[in-house]
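**Q** Handing you a structure now.
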Amino acid sequence: MQQSTEDRFTEFVRAHTASLFRTAYLMTGDYQRAEDVLQAAWVRVYSHWPRVEAMDQPLGYARKVVVNQYVSWWRRPSSRESLLTLRDEPAWDGRLEEIAEHGRVWRAVLSLPRRQRAVVVLRYYEDMTEAQIAETLGISPGTVKSHAHTAVRRLAVLLGEPDATSVLPAEEATS
Amino acid sequence: MTVHERLARAARQVAAGVTPPEMDADVVRARARRDRRRRASLTTAATLVVVIAVVATVIGGQDTAAPGLVEPAPAPSPLETVTSLPTPGETDAFPRSMTPEEVVHHPRAQLWTAAVAPGDPDTRISMWLVSCVRPCRERGPFEFTAAATTTDGYKTTIYLRPPFPLGVDLHVSTPDDGVFLISDQSNGGEWLVDTHGDVRAVTRVDSVLRPSDPRLWFQCPGRWRSTWCALDVATATAYSWPGEWDGSAATPASGDRPWGTNPKPRPTSLSGKLEAWWDATDGRQLRTLTATTEGDYILGSPPGEMAYWARSAGGSDELVIYTSRNRGEDWQVDSRTAGPELSGYLAMHRSPDGAYLAYRSYPRLVVWRAEASGGPFRKVYEQEDERSPETSGAGLWVQDDLVYVNANATAAVSADDGLTWTTVRTWR
């Protein structure tokens, strides 16, 4: 039996909620805000569903909506930044030091400005190329490169990378 | 592991560690319909406002001195979110949260940062984190933080929710009785937390203030490395001293001119040499003391004395101390036996009697001591529990006759010039 348009939307939501939620969560660092971002994104996708499902990459479009919802969420005057609600869970294999390590790394990521943070998530979690990130964020590849470079320099310092200075310009080096 | 590998790994682990919510497509459809209705009613309301305004203008004629004839339409209520519901009985504005007291006493609470007031070891602050490795029962899957402060060794406690992130290089010191200064050395923020639980964000200004109380001086993040800030507790203002003090081991309170190690942009670890710099009447002077990748200044040196330490290149078991008491004209070189275990990311500070206290915080907090007059460095303190969370905000402070050190959620106090130490164990 052929699926209806509504059924295909339901199936799409079911299939991609987990991965898109994780993307939203990595950017917001907050479970409930990630939920809000994703739900708002799904509402938008649903509003244009006939056009979206006809696209070559409907998931790519949905991901783009999630990222833009995240950016616009930050623009709302009522939103407040929270760096405190990152949590750990299952991939934990019982080694406390590992939890501390990836929590520490991601806390540093959450201290980045929002566009740099989005670039880091798309690059290191979604494994996107600069061109794909540019397309998703609606900015030029050169701007992506600049955001990525600045973010990595900042993170190297925050994380106390032994070779942090090698990715830093001289005027920002620390000893 | 490179920073790129660490980021990719952390992203995967954090993402894998979260349980996505069930997202009901029918709820999405209902919200989409409601949004459409709201947009339609907002359009109607806006049209109505325009019509009323036009009518009022017509009725009011040219009398612009009579405002207020038109009642503005009520503002639309904000969009409601149809996501998770608050836990029944939860009174906090942010649903599915824990109170600070609940966080501190949670069975899985981790002690993240701890500090004692040197002037009164019963005055303490501790910061706690609950990271739910499974969703916290009826609380939702979050990470929660809280601080607990006391003036009687936690017989009574004030709990609060810190407005700053934990674990990102926090230094905690005591600038005044009953007040803790939290300095985020990575991100550059400072906060004052008093023992009543009040928290104030500190405003940083580029200006000069010279307080007489040495406790009011603290090292704050500068453009190159740490610079010196003077704190005004009453107004919660940190006065960041001018650029020449950036990287200086001497505090402006000492009366010395600035001196330090390796001027910008040459860190010892990259340049392969320990350089001493000091400001003189004819400008900044520079001298290479030795070839090494491990070395730095010694904090707490007496006024008029510049002191540096270095480990010789090639993994020597000796630490060498370089001292000048006449602004670089003459240098004394003093080799001390240190042993192979005295290694890692070391820092050094003088004790109240002038002894050398070397300490490191990774993988556990260890303190070594050598007499000022000579002799080897000996281990005088070692943190017991290596599994404590690693916080890089390690520090060693001297106040009057007390020395205290903290790192990795451990704090220890010495009242005999760093010879013996007492670990403070009660933190909640």
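**Q** Can you put A:14, A:115, B:350 in order of accessible area, largest first, using a 1.4 Å probe?
**A** A:14, A:115, B:350
**Q** What does the extension gain come out to for residue B:426 and residue B:372, with contour length at 0.36 nm per residue minus their alpha carbon separation?
**A** Once the chain is fully extended between residue B:426 and residue B:372, it gains 16.1 nm.
**Q** Oh, and also: So how do B:190-196, A:45-51 stack up, highest first, on mean other-Cβ count within 10 Å?
**A** Order by mean packing, descending: B:190-196, A:45-51.
**Q** What percentage of all Cα-Cα pairs in the stretch A:1-46 are separated by more than 17 Å?
**A** In whole percent, the long-distance tail amounts to 36.
**Q** Using a simple spin-label model with points 7 Å from Cα along the Cα→Cβ vector, what separation in nm is obtained for residue B:108 and residue B:244?
**A** For residue B:108 paired with residue B:244, the spin-label model returns 5.5 nm.
**Q** Here's something else I'd like to know. Other chains near A:20-30: what is the mean number of their Cβ atoms within 10 Å of each residue's Cβ?
**A** 3
**Q** Among the trypsin sites (Lys or Arg not before Pro) in the stretch B:219-307, which ones are in a DSSP loop with at most 13 other Cβ atoms within 10 Å of the Cβ? Mind listing them?
**A** Sites meeting the loop and neighbour criteria: B:223.
**Q** Just want the answer: with Cβ charges of +1 for Lys and Arg and -1 for Asp and Glu, which residue in B:199, B:285, B:211 is farthest toward the dipole's positive end in the stretch B:190-302?
**A** B:285
**Q** What accessible area, summed over both chains, is buried at the B-A interface (1.4 Å probe, Å², nearest 100)?
**A** Heavy-atom accessible area buried at this interface is about 6200 Å².
**Q** Can you send over the solvent-accessible area of residue B:210, 1.4 Å probe, protein chains only, in Å² to the nearest 10?
**A** 150 Å²
**Q** Pop a pseudo-label 7 angstrom from the Cα along the beta-carbon direction at both residue B:210 and residue B:99 and give the gap in nm to one decimal.
**A** Distance between the two pseudo-spin positions: 5.0 nm.
**Q** Taking 0.36 nm per intervening residue step and subtracting the Cα-Cα distance, what contour gain separates residue B:293 from residue B:419 on full extension?
**A** 42.5 nm
The values are calculated or read from the model by the stated rules, or taken from the named source; none is laboratory data. All values reported here derive from a predicted model rather than from experimental measurement. Backbone-built Cβ (ideal geometry, glycine too); neighbour counts: all protein chains shown. Side chains are part of the model used for accessible areas, which takes the heavy atoms of the whole protein and leaves out ligands, DNA and RNA. Shrake-Rupley method; radii C 1.70, N 1.55, O 1.52, S 1.80 Å.
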